[in-house]
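J.: Starting off with a structure, shown below.
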Amino acid sequence: MHILHLQAGIITGKHEFRDLGRIISFSPNPMTDYTLMRFITPELGNTTISLFDFSGKKLLEEEDFLPNGLHSYGIYGIKKGLYFVRLQCGRFELGGTLICSGSLNFKTRIV
């Protein structure tokens, strides 16, 4: 599997990662004010969740030390548009696409 890295609007290259068939799911998607993001981490470790807008600009980043297994986070308050979520845990990396049809809450956060 090839993962495309987006950082501050610049394509930085592609790298191979093992993903073991894992995915990031969002419910609902498209979202308005809130979506529930669920994913499985294959190993214990520092985990970084990054949210990027369509241009590749990083909007948010959340770091947690997570055990392996199923995890849930809420994403709130993003504006109308297309977004990319990148999750990194050790040598594993996952990505997902999120659509927002608009939000009345403008305090963007990952909880």
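The values are calculated or read from the model by the stated rules, or taken from the named source; none is laboratory data. A quick note: this is a predicted structure, and the numbers were derived from the prediction, not measured. Areas reflect the complete protein model, heavy atoms only, side chains present, ligands, DNA and RNA absent. Shrake-Rupley method; radii C 1.70, N 1.55, O 1.52, S 1.80 Å.
J.: Once the whole set of protein chains is in place, how much accessible area is left on M31, using a 1.4 Å probe, in Å² to the nearest 10?
T.: Per-residue accessible area (M31): approximately 0 Å².
J.: May I pose another question? When the solvent-accessible surface of protein heavy atoms is calculated with a 1.4 angstrom probe, in what order do R38, R109, R86, R91 fall, highest first? Please report the intermediate quantities before stating the final value.
T.: Numbers: R38 100, R109 75, R86 35, R91 130 Å².
The residues order as R91, R38, R109, R86, largest area first.
J.: Sort Y34, Y76, Y83 by accessible area with a 1.4 Å probe, largest first. Numbers along the way, then the final one.
T.: Details: Y34 85, Y76 60, Y83 15 Å².
These residues rank, largest area first, as Y34, Y76, Y83.
J.: Over region 48-111, what percent of the accessible surface lies on carbon and sulfur atoms, probe 1.4 Å?
T.: Working: 1870 of 3350 Å².
Percent of accessible area from carbon and sulfur atoms in region 48-111: 56.
J.: Suppose all protein chains stay in the model; what accessible area per residue would a 1.4 Å probe give for region 31-84, in Å²? Mind showing how you got there, number by number?
T.: Working: 2740 Å² over 54 residues.
Accessible surface, normalised per residue, equals 51 Å².
J.: In Å, the Kirkwood hydrodynamic radius of region 59-111 over pairs of distinct alpha carbons? Please list the in-between numbers first.
T.: Numbers: mean 1/r = 0.0796 Å⁻¹.
About 12.6 Å for region 59-111.
J.: Still on this model: Residue by residue through region 52-57, what is 3J(HN,Hα) from phi via Karplus (6.51 cos²θ - 1.76 cosθ + 1.60, θ = phi - 60°)? Round to whole Hz and write x for glycine and proline.
T.: So the J values, rounded to whole Hz, are 10, 7, 4, 7, x, 6.
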